Amino acid sequence: MFLGKEVRMKRLVGRSGRLLAITIDHPITRGLLPGLEDIRTTMRKVVAGGPDAITMHKGIAERIFPPYAGQAAIIMKASAYSVQYHPTYDAPVADVEEAIRLGADAISVGCIVGGPDQAQQLTFLGKISKDAASAGMPLVAHIYPKGNMIKDQHDAKAVTYAARVGAELGVDIIKTLWTGSPESFRQVVEGCPSMVALAGGEMGETLADYLRMTREALDVGLGGVTYGRFVWQHKHPSAVIKSLSALIHDNVSVERALDIYGVAAELEKA
């Protein structure tokens, strides 16, 4: 690994070798969701939780993040799909040069496999992988088997394929979907020589659900998480992040993580 990429990777995962990233890149994909209307307040609460990194688009990084420079790493999102308008195509919207200018420690792109636009997206992924490597910039890819040829996007074989596609094209950290059980998710991790990170989405209803899923995934080799909606739509997002940090970086139990959440939430109220 070149020194520049190694330096940036250490800033992302230096504490434990695992990643705790929070994503706030949703408005292009899903519309202006509750929790992101007042992006300044949400950013303040997310940073206060102490995540390793925050995934955001360039406009938010440039206009909203400056007061928090150095408090969390930037993962700049460089593509976007839309659930409503182009659900199987992650369109390029930024490049490595912009990520460097903004002080990002990684660049992130999406790639939806299993659909008619897969070939175009793999072409883009291969190109940005080359550009990122040349600049010493870690590459994160949100790779999901959500194309219309996929019957079940959480099927272990489909998710394993998606993750391995990223590894084959040089992606450093691959964000993908939970397969429903630690036994099935082990296949994904073991079939992917790159770091695997877990997406959140709609895989639980309570904090305990997400902590349990995260703990089970960590126990079979998960490299970290990049969670979004369930964190910043929670009434105590900073406390949620602190509980996740204890789980991911300090390897605590779900019960202990819930205790840490409870203490942090009480402090937030005060």
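The values are calculated or read from the model by the stated rules, or taken from the named source; none is laboratory data. Just so it is clear, the model here is predicted, and its values are computed rather than measured. Here the Cβ is made from the backbone with ideal geometry for all residues, glycine too, and neighbour counts use every protein chain on show.
Results, tabulated for the structure shown:
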quantity: Qualifying positions in region 150-167 - surrounded by 17 or more Cβ atoms within 10 Å (Cβ to Cβ) and part of a helix (DSSP H, G or I); calculated: ALA156, ALA158, VAL159, THR160, TYR161, ALA162, ALA163, ARG164, VAL165, GLY166, ALA167
quantity: From the options GLY166, GLY180, residue that is touching a residue at least 24 places away in the same chain (Cβ under 8 Å) and on the phi < 0 side of the Ramachandran plot; calculated: GLY166
quantity: Residue within region 9-31 that is more than 23 Å from ALA132 (Cβ to Cβ), aliphatic (A, V, I, L, M), assigned to a loop (DSSP other than H, G, I, E, B) and in contact with a Phe, Trp or Tyr (Cβ under 8 Å, 6 or more places away or on another chain) present; calculated: no
quantity: Test: residue in region 195-204 that is charged (D, E, K, R) and either surrounded by 18 or more Cβ atoms within 10 Å (Cβ to Cβ) or at pLDDT 95 or above (or both); calculated: no
quantity: Out of ALA265, ALA162, ALA257, sole residue that is modelled with pLDDT of 95 or more, closer than 30 Å to LYS130 by Cβ and of a type in the set (A, V, I, L, M, F, W, C); calculated: ALA162
quantity: Total residues in region 58-76, condition surrounded by fewer than 16 Cβ atoms within 10 Å (Cβ to Cβ) and touching a residue at least 24 places away in the same chain (Cβ under 8 Å); calculated: 4
quantity: Candidates ASP219, ASP209, ASP172, ASP152, filtered to the one that is in contact with a helix residue (DSSP H, G or I) (Cβ under 8 Å, 6 or more places away or on another chain) and free of Cβ contacts under 8 Å to residues at least 24 places away in the same chain; calculated: ASP152
quantity: Index of the failed condition, GLN187 passing every other in (1) closer than 21 Å to ASP259 by Cβ; (2) surrounded by fewer than 17 Cβ atoms within 10 Å (Cβ to Cβ); calculated: (1)
quantity: Residue count, region 39-61 (criterion: in a helix (DSSP H, G or I), polar (S, T, N, Q) and more than 15 Å from VAL240 (Cβ to Cβ)); calculated: 1
quantity: Per-region count, region 114-136, residues surrounded by fewer than 24 Cβ atoms within 10 Å (Cβ to Cβ) and touching a helix residue (DSSP H, G or I) at 6+ places or on another chain (Cβ under 6 Å); calculated: 3
quantity: Residue pairs meeting the criteria (Cβ under 7 Å; at least 6 apart or on separate chains; first over 22 Å from LEU218 (Cα atoms), in region 243-270; second in a loop (DSSP other than H, G, I, E, B)); calculated: ALA265/HIS236; GLU268/HIS236
quantity: Subset of region 83-126 (residues that are among the aromatic types (Phe, Trp, Tyr), assigned to a loop (DSSP other than H, G, I, E, B) and touching a residue at least 24 places away in the same chain (Cβ under 8 Å)); calculated: none
quantity: Region 117-147, residues that are over 18 Å from SER79 (Cβ atoms) and either at pLDDT below 95 or of a type outside the set (S, T, N, Q) (or both); calculated: GLY136
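For every residue, the table says whether it meets (1) closer than 16 Å to VAL109 by Cβ; (2) surrounded by fewer than 19 Cβ atoms within 10 Å (Cβ to Cβ); (3) modelled with pLDDT of 95 or more; (4) in contact with a Pro (Cβ under 8 Å, 6 or more places away or on another chain).
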| residue | (1), (2), (3), (4) |
| --- | --- |
| VAL13 | no, no, no, no |
| ALA21 | yes, no, yes, yes |
| THR41 | no, yes, yes, no |
| MET56 | yes, no, yes, no |
| ALA78 | yes, no, yes, yes |
